[in-house]
């Protein structure tokens, strides 16, 4: 029969290895969660920036449409309508 001290020593060694593995996995999970949060924050900032860009572009197009309709120079008006003002 095995010595109880040897059995206890073996069990303790297994528990230590299990705890070390659990700590390593927990650390990886924390890093993954942090990376997901950071990526989510970046995507939210990108969405916000794209919405702002869209608003500015729409504002610029409205200004160009007004400029195109207000100018007397036919050549300039034609260039604005062709290249700057999107078709409706």
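The values are calculated or read from the model by the stated rules, or taken from the named source; none is laboratory data. A quick note: this is a predicted structure, and the numbers were derived from the prediction, not measured. Glycine also receives a Cβ, built like all others from the backbone with ideal geometry; neighbour counts cover every protein chain displayed.
Tabulated data for the structure shown
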quantity	calculated
Test: residue in the stretch 73-83 that is assigned to a helix (DSSP H, G or I), at pLDDT below 80 and loosely packed, with under 11 Cβ neighbours inside 10 Å	yes
Close pairs (7 angstrom Cβ cut-off, 6 or more residues apart or separate chains): under 16 Å from residue 78 (Cα atoms) in the stretch 46-68, at pLDDT below 85 and in a helix (DSSP H, G or I) anywhere	64/80; 64/84; 67/80; 68/77; 68/80; 68/81
Selected residue (criterion: surrounded by the most Cβ atoms within 10 Å (Cβ to Cβ)) from residues of the stretch 34-72 that are more than 36 Å from the chain's Cα centre (by Cα) and part of a helix (DSSP H, G or I)	68
